[in-house]
Structures are given as structure tokens and as C-alpha cells.
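Trainee: Pasting a structure below so you can have a look.
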Amino acid sequence: MSKENTPITVAKGDGIGPEIMDATLAILKAAGARLDIEEVEIGEKVYERGVKNGIEKAAWDSIRKTRVFLKAPIFTPSGKGFKSLNVTVRKTLGLYANVRPCTSFHPFIETNHANMDVVIVRENEEDLYAGIEYRQTQTVCEAMKLISRPGSEKIIRYAFEYARANNRKKVTCMIKDNIMKMADGLFYQVFQEIGEEYPDIEQERYIIDIGTARIAAKPEEFDVIVTENLYGDIISDVAAEITGSVGLGISANIGAECAMFEAMHGTAPDIAGEGIANPSGLLLGSIMMLVHIGQNDIASKVHNAWLKTIEDGIHTGDIYREGVSKKRVGTAEFCAAVIERIGKKPETLTVQDYGDGKAGGLTLPPVRDFKAQKKELVGCDIYLDWTGNPEKLGDMTKKIGSNNFNLEMISNRGMKVWPDGAEETFCGDHWRLRYMAKTKMLHSHILDLVDQLIAQDLDVIKIENLYTFDGENGFTQAQGQ
Ligand code: NAI
């Protein structure tokens, strides 16, 4: 247990941010948290100064020095040119694990799910959040989904290690590998491989759609859930909502070097400045931070005082229910009630005991070596912006490049439309020509092919090489192929 003061970086954020941060820090101070606080400015005022990602060098320097960041919500300007500060911080600092505990506090906070205690471990850096998007034709935009083996391994191992360290029994993997056979297939394959090292933990798999429905209907069946970035974003909001209040949701962002702790909710502009916001999400986030820096004694003290306050029915407006709550309070009064209860424990809700901890959070082994497979170029998909019917495009392109290639098929938005397409299939202006190599293929063959297509006045918008790995296709077939 760390008895030294720990330096941390704090940002009070926008909207209700300063109100809930002041309340949180007052409670931590009253509980005896050993912190040296460095405050930095991020968010709205920094965006207004023309900084496109809302964070300046002084803030980066502080976070890099303390490696622990307690952050209130910040306003993200909409409109082109501005970058989400949250995504920037997560990706720049390699905060690959987003841990979101969602617990119900029945019967003190109204919920249909009395025994819900789910932790969602969401991959934080990859997937559609790579932010790589293109408008390729008049009518079609593309967003690129990237899933990597090391990225999947890190988050999946984190989920298993988290389960072990927190005495949890089951890890559920949620994916959509019936549709995204390669990307989500890889994530699930890595889950199975890493899972073999954790025979003490029950493992299960859900397709994300039915999995989400199941979380909404029977959240008590889940323990730890590990999933990709977008699915995790959605299911953690669903899970937080059904605990009774999004105001209670927590988000811890963990990397090998740094960690950031925050509430799940936003700046709540509709109630900013009114002194009625619930500081609980940020406070619960700060408890995860205390455990991360090895101040488990203070974490237990603060958590139990908070549980006792909730149990005593002292509730902010977002969780206040006639008949269940005893007193409706604002932020400052709620904060005072928690401080008054430091040293007390809940009587009905489970007492929290974080035991002894060491600073720095979970320590994970390095990513395993992966034996490179034999990679061979076997063809290419060439994308066109074109308007017309499939037969005409087939006639125009089947002879092109025929020294080196066979035109195997043409698809439109993923559906095969040539040869032998269905008349009913709708065709937009986004076409894919799949050329397979006749013999050993060189990159220069693709360039020749593209030259010939351009010479026919065809608008080539993208080229995707087709590879095999140890003889296995590294690309999917078209629908209907
Ligand atoms: P929001 O979470 O701020 O508000 C949604 C609803 O929940 C509002 O009715 C609000 O009053 C209520 N609410 C949220 N937190 C509460 C609390 N602690 N106590 C009581 N009621 C609470 O979501 P919204 O309106 O979509 O976003 C507002 C701004 O926040 C946007 O600029 C968005 O970009 C930003 N945002 C920032 C996040 C962050 O910094 N981590 C996360 C989510 C949104």
C-alpha cells in the first residue's frame, strides 16, 4: 500500500464538470487520499483558442509526468475540423482498455435488475474508431474497420487478468463473426487462444445483437464482457442505463504507461451551473483511480461512505424516486452527506473491501510472438465509380489485363452482380472488379491493369490487393458468389 503522496493530473472540464470535480476532490480529501494535484485546462476554452483537439502541450506534459489523469466531462464541438479530445487522449497515450463497471444498487436506486454487476472491457484504440473514412463516389462513403491481432490480444488478456484479480468467474466475448468473418473472426480466434491460458474462468461467446438484447433483458447473467470498440461503446451505455442512471456510469481508460479515469456521462449542458448534478460517476471513477495508484484503503473508505449515502436515501434529482429516496439534494449537499459518512459502512448493499494493493494496476505479459505466415499476392479488387448496368461493365472489363488476370466477378456494395447476377439487385455507383492472377503475380501487373482501366475512361477509386496466408484466402467472397 502506497503511503506516499501520488501526483495526479486533474481537469475540471466543461458544463457540470467543475461542479462534480469539486465535489469529488472534496470527498477524496476528507477521506485522506494522498494526492498531489496538478490541474490542467482542456476542452471548450482550449477549442475556442483554435486548438483543434482541445488539449495543449502543458496538459500533455503533466499527464506524461503523473501518468494518472482524473478527468471531468468535456464538450466536443461538432463540425468538421474538430477532433474528439477523448479519442485523441486514448489513442495518443495508448489507453487500450476501457473498463466500465455497471452495477445496480437495488432497492435504493430504481432498476428492473436487482442483481446486476457487469464489467464491460471495451477495446479502445481500433475498430471503426481508427477514424479512416472516405467519400469515394457521389453516393457512397466508406469507414474502415481495423482489428489487429496484438490489439485484440492486449484487450482480451486484460479482460481475463481483470477477472482473475477481481475474483470474477466468467468472461463473455461479444462479436459479429457470422458477418465480419475476418475482422471479428480474428478477435474471437484470439479470445479462444488466450482463453486456454485461463481454464479457471468460464468462457462464452455471444453474437453482439442477441448479446445486447440479453444484457438489456437479463444483465445478471453476465460477469465480465470483452468486446471491440464500437460494440463496447453501445453495450456499456445500454448496461449503464439499466442500472438506473447514466449518472453512475464509470469509465477507466488503462494503458501500459498511463491511465485516465472519468464518468461515463457528458457535460449535461441542460443542468450545468444549477448545482444539481450527480457527482457519483466521477467519484466512482476516482475510486478506481485510488485502486490503480495503490491507495486501496482510501478507495474502500470512500466507496463505503458513498454506498451508505445511497442506502440512506440521500439522492440527487437523477436518481430520486418518491417512496424510495428520503431526501432530494443538490451536488454540494450530496458531497457533504458522503463526507459525513466516511468511516461508516452500508448495511444492505455489499461492503467494499479493496484489501491491499500495489500501485500501477494490472501487469500484463508482453504480446505473444506470432509466427509470420507465407504471404502470396494472388489477385486484386479494383473499385470504380461508375454508373450503368453489370452486363455492360462486364463486357467492358473482362478482356482487360487478360494476359495476367481473369475477371472473376463484379460486385456492387458487396453483392455479386456479374456474371449471373439477379435482376432485382439494386446497383449504385460503387463497383468492385475482382481480378484473380493466372500465374505468379507481381505488383507491377496491378499497375498495368489499372492503367488499362483508366485508358477506358473508368474512374478507379481504390485498389485492394488479395493475398493468401499459408495458402488460406486473406479476403472474403462476395455475397452471392
Ligand atoms: P450527457 O451525458 O451530458 O447528458 C445526457 C442526459 O443525462 C442529460 O439530460 C443530462 O442532464 C443527464 N446527466 C448526465 N450526467 C448527469 C449527472 N452527473 N447528473 C445528473 N444528470 C446527468 O450527454 P449529451 O447531452 O449527449 O452530451 C453533452 C456534451 O457532453 C456533448 O458535448 C458531448 O460531446 C459531451 N460528452 C463528453 C463525454 C466525456 O467527456 N467523457 C462523454 C459523453 C458526452
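Trainee: Against the longest principal axis of the chain, how steep is helix 331-340, in degrees 0 to 90 to the nearest 10, with axes from Cα atoms?
Mentor: The helix 331-340 is inclined about 60 degrees to the chain.
Trainee: For the stretch 1-102, which GluC sites (Glu not before Pro) are in a loop by DSSP, counting at most 13 other Cβ atoms within 10 Å?
Mentor: Within the stretch 1-102, the qualifying GluC sites (Glu not before Pro) (loop, at most 13 other Cβ atoms within 10 Å) are Glu4.
Trainee: Still on this model: Tell me the relative contact order for the stretch 6-340 as a rounded percent, counting alpha carbon contacts under 8 Å between residues six or more apart.
Mentor: With pairs under 8 Å counted, the relative contact order is 23 percent.
Trainee: May I pose another question? Round to a whole number: what % of the accessible area of the stretch 27-169 belongs to carbon and sulfur, probe 1.4 Å?
Mentor: 49
Trainee: Sticking with this one: Would you please give the FRET efficiency between Asn406 and Ala213, computed as 1/(1 + (r/R0)^6) with r the Cβ-Cβ distance and R0 = 56 Å, to the nearest 0.05?
Mentor: Computed FRET efficiency for Asn406 and Ala213 comes out at 0.80.
Trainee: Pull up all non-local amide H partners of Glu39: gap of 5 or more, or a different chain, and H-to-H distance under 5 Å with H placed in the peptide plane.
Mentor: Result for Glu39 returns Val10.
Trainee: Under a 1.4 Å probe, what is the accessible area of the chain per residue, stated in Å²? Numbers along the way, then the final one.
Mentor: Numbers: 22150 Å² over 481 residues.
Using a 1.4 Å probe on heavy atoms only, each residue of the chain averages 46 Å².
Trainee: Within the set of other residues whose C-beta is less than 15 Å from the C-beta of Tyr162, count the net charge using Lys and Arg as +1 and Asp and Glu as -1.
Mentor: 0
Trainee: Over what distance in Å are the Cα centres of the stretch 366-440 and the stretch 51-126 separated?
Mentor: So the two Cα centres are separated by 40 Å.
Trainee: Show Phe75, Phe426, Phe475 ordered by accessible area, largest first, where the area counts protein heavy atoms only and the probe is 1.4 Å. If you can, show how the numbers build up before the last one.
Mentor: Working: Phe75 80, Phe426 135, Phe475 25 Å².
Descending order: Phe426, Phe75, Phe475.
Trainee: Write out the trypsin sites (Lys or Arg not before Pro) in the stretch 1-34 meeting two conditions: DSSP loop, and at most 12 other Cβ atoms within 10 Å of their Cβ.
Mentor: Filter output for the stretch 1-34: Lys3.
Trainee: Could you sort out which of Lys65/Lys374; Lys91/Lys371; Lys3/Lys327 sit more than 32 Å apart by Cα distance in this structure?
Mentor: Lys65/Lys374; Lys3/Lys327
Trainee: Another question, then. Nearest 10 degrees is fine. How inclined is helix 229-243 to the longest principal axis of the chain, computing both from alpha carbons?
Mentor: 40
Trainee: Loop-only check: which trypsin sites (Lys or Arg not before Pro) in the stretch 119-180 are DSSP coil with at most 13 other Cβ within 10 angstrom?
Mentor: Lys169
Trainee: Past 27 Å, Cα to Cα, is the threshold; run Lys181/Lys375; Lys154/Lys181; Lys170/Lys218; Lys145/Lys416; Lys145/Lys218 against it and keep the listed order.
Mentor: Pairs exceeding 27 Å: Lys145/Lys218.
Trainee: If you count the DSSP beta bridges with both ends in the stretch 6-340, what percent of them are antiparallel, to the nearest 5?
Mentor: Taking every DSSP beta bridge within the stretch 6-340, about 40 percent pair in antiparallel fashion.
Trainee: Could you derive backbone 3J(HN,Hα) for the stretch 199-210 from the dihedral phi with the Karplus parameters 6.51, -1.76 and 1.60 (θ = phi - 60°), listing whole Hz in sequence and x where the residue is Gly or Pro?
Mentor: x, 6, 10, 5, 10, 8, 10, 10, 6, 4, 5, 6
Trainee: Could you sort Val238, Val302 by their accessible area in this structure, using a 1.4 Å probe and putting the largest first?
Mentor: Order by accessible area, largest first: Val238, Val302.
Trainee: Mean residue ellipticity at 222 nm from the helices of the chain, using -39,500 (n - 2.57) per DSSP H segment of n ≥ 4 over the full residue count, to the nearest 500 deg cm²/dmol?
Mentor: -9500 deg cm²/dmol
Trainee: A further question follows. What list of ³J(HN,Hα) values in whole Hz, one per residue of the stretch 471-479 in order, does the Karplus curve 6.51 cos²θ - 1.76 cosθ + 1.60 (θ = phi - 60°) give from phi, with Gly and Pro shown as x?
Mentor: With the stated coefficients, the stretch 471-479 comes to x, 9, 4, x, 8, 8, 7, 6, 5 Hz.
Trainee: Can you give the accessible area of Leu393, probe radius 1.4 Å, in Å² rounded to 10?
Mentor: 0
Trainee: Under a straight-distance cross-link criterion of Cα-Cα below 13 Å, which aspartates and glutamates are reachable from Lys358, leaving out those fewer than 8 residues away in the same chain?
Mentor: Glu4, Asp297
Trainee: Quick one: net charge of Ser251's neighbours, Cβ under 12 Å, K/R +1, D/E -1?
Mentor: +1
Trainee: Relative contact order for the stretch 375-473 using alpha-carbon pairs under 8 Å, separation at least 6, rounded to a whole percent? Numbers along the way, then the final one.
Mentor: Details: 169 pairs, mean separation 47.3, N = 99.
Result for the stretch 375-473 is 48 percent.
Trainee: Answer rounded, prolate or oblate for the chain, using the Cα gyration tensor with square roots of eigenvalues a ≥ b ≥ c: rounded when a/c is under 1.5, else prolate when a/b is larger than b/c, else oblate. Kindly include the intermediate steps, with their values, before the conclusion.
Mentor: Working: a/c = 2.26, a/b = 2.09, b/c = 1.08.
Taking the square roots of the gyration eigenvalues as a ≥ b ≥ c, the chain is prolate.
Trainee: Amide H to amide H, which residues 5 or more places from Ile74 or on other chains are under 5 Å from it, using H placed in the peptide plane?
Mentor: Sorted by chain and number, the residues that satisfy this are Asp14.
Trainee: Calculate how steeply helix 17-30 sits against the longest principal axis of the alpha-carbon atoms of the chain, using the helix alpha-carbon long axis, and give the answer as 0 to 90 degrees to the nearest 10.
Mentor: The two axes meet at around 50 degrees.
Trainee: Each residue of the stretch 307-314 in turn: what ³J(HN,Hα) in whole Hz from Karplus with 6.51, -1.76, 1.60 and θ = phi - 60°, glycine and Pro shown as x?
Mentor: 4, 5, 4, 5, 5, 6, x, 8
Trainee: Right, here's the next one. Residues of the stretch 149-168 with the amide nitrogen closer than 19 Å to a label point 7 Å from the Cα of Asp356, along Cα-to-Cβ, please.
Mentor: Taking a point 7 Å out along Cα→Cβ of Asp356, the residues of the stretch 149-168 whose backbone N falls under 19 Å are 165-167.
Trainee: Amide H neighbours of Val226 under 5 Å, at least 5 residues apart or on other chains, H built in the peptide plane: list them.
Mentor: The list, which skips near neighbours in sequence, is Val121, Thr172, Cys173, Met174.
The values are calculated or read from the model by the stated rules, or taken from the named source; none is laboratory data. The structure displayed is predicted, hence computed values, not measured ones. Using ideal geometry, Cβ is built from the backbone for each residue, glycine included, and neighbour counts are taken over all protein chains shown. Surface accessibility is based on the protein's heavy atoms, side chains included, excluding ligands, DNA and RNA. Shrake-Rupley method; radii C 1.70, N 1.55, O 1.52, S 1.80 Å.
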